[in-house]
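Before any comments, here is the structure.
All of the numbers you see were taken from the coordinates with simple rules; none came from a lab. Computed from a predicted model, the values in this text were never measured in an experiment. Glycine also receives a Cβ, built like all others from the backbone with ideal geometry; neighbour counts cover every protein chain displayed.
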Ligand SMILES: Nc1ncnc2c1ncn2[C@@H]1O[C@H](COP(=O)(O)OP(=O)(O)OP(=O)(O)O)[C@@H](O)[C@H]1O
Ligand SMILES: [Mg+2]
């Protein structure tokens with residue numbers, strides 16, 4: 001089974017974009033995929049996929065209630081489906097108060113059982129919920145989490161439950177984002193949680209044509225420390241359109257979503273986007289990335305054929321096994 005947390009130390013490194021695109025790519029490869037949105041902030045996976053109608057209703061059942069073992073309904077009812085086939089457990093405002101709710105539970109339960117607070121398995125709750133209580137491994141082939149890196153309790157629960165990290169990185173001002181830092185961090189988390197954590201790969205994204213950016217990309221591709229299966233270029237227009245298409249970059253291209261100015265107003269419409277080779281190449285890279293994660297990290301067989309059914313433009317078929325990489329040249 002494929003299980004991974006899309007992790008980054010810093011904010012705005014395209015985690016949510018990456019989670020959506022990897023999830024949809026895996027689904028298209030034949031993997032039944034579920035994503036968990038643990039980020040309560042605006043601009044999260046839940047708003048991207050346009051789900052989670054009850055995310056601000058404190059009375060509504062939500063994932064936090066289930067993690068804390070105080071459910072208000074059936075776990076299956078938390079799961080929503082998206083237009084692209086990926087299932088999602090949406091975010092809820094209660095995720096922001098996770099730690100204080102958890103502390104209350106720990107106080108109560110350790111008091112009842114005359115147990116030391118430090119002994120309470122506070123990072124194992126999500127693991128129990130997903131694998132022991134609900135055996136999601138029987139239902140899904142892949143589970144991805146878009147965490148909230150600033151909330152340690154939730155992040156550690158996510159990592160404890162899924163064990164593998166995928167790390168998108170973005171060129172920083174100085175170019176070099178500490179590579180050893182990441183390895184050290186993974187090691188530290190492993191020690192603290194007393195588990196083995198794997199790093200599937202690092203994905204440089206938002207890489208432009210400047211010298212600094214190209215050098216930065218080289219650094220990543222040359223390191224032995226971890227795998228860098230693909231680099232995603234600066235694709236602001238394509239990725240931003242995901243928020244209009246309410247779905248992945250695959251959907252943006254297939255439905256041809258575009259944002260443009262009309263009568264002094266910005267509007268977004270489908271059926272408008274031009275087909276650009278470099279954007280098709282980006283979809284190929286996203287597919288390549290999902291294949292790397294599935295086969296290289298998890299030893300899962302997948303369908304290597306990406307079929308794009310582009311509105312008014314017919315079909316585009318890319319077979320990762322046989323087709324030349326010509327299109328993927330432009331970064
Ligand atoms: N390859 C890319 N090139 C340029 N812009 C991109 C790329 N991928 C995503 N973006 C844009 O960058 C913005 C931030 O992306 P995203 O929301 O995925 O980041 P994040 O890491 O989830 O942020 P946060 O830390 O706030 O959760 C979005 O507007 C998105 O469309
Ligand atoms: Mg995000």
- Message: Can you tell me the length gained on complete extension of the stretch residue 225 to residue 196, counting 0.36 nm per residue apart and subtracting the Cα distance?
- Response: 8.8 nm
- Using only Cα atoms, find the angle between the long axis of helix 98-113 and the longest principal axis of the chain, and express it within 0 to 90 degrees, rounded to the nearest 10. 30
- Task: State, to one decimal in nm, how far the label point of residue 319 lies from the label point of residue 236, with both points 7 Å from Cα in the Cβ direction.
- Result: 3.9
- Taking Cα pairs under 8 Å and at least six residues apart, what relative contact order does the stretch 50-110 come out at, in percent? 36
- Here the residues of the stretch 17-31 lying in the modelled label zone of residue 301, meaning backbone nitrogen under 16 Å from a point 7 Å along Cα-to-Cβ, are 29-31
- Query: In nm, what is the difference between 0.36 nm times the number of residues separating residue 218 and residue 244 and their Cα-Cα distance?
  - Reply: 6.1 nm
- Hey, how many Å between the Cα centroid of the stretch 205-282 and the Cα centroid of the stretch 7-29? 13
- Message: I want to verify the translational diffusion coefficient of the chain in µm²/s; compute it with Stokes-Einstein, Rh as the Kirkwood radius over Cα pairs, at 37 °C and 0.692 mPa s.
- Response: 158
- Taking the simple approach of a point 7 Å from Cα along Cα-to-Cβ for both residue 150 and residue 107, what is their distance in nm? 2.4
- Taking Cα atoms, the helix 277-291 axis meets the longest principal axis of the chain at an angle in degrees (rounded to 10) of 40
- Item | C-alpha long axis of helix 15-28 to longest principal axis of the chain, angle in ° | 80
- Measuring from a point 7 Å past the Cα of residue 70 along Cα-to-C-beta, which residues in the stretch 107-125 have an amide N at less than 20 Å? 107-115, 117-118, 120-125
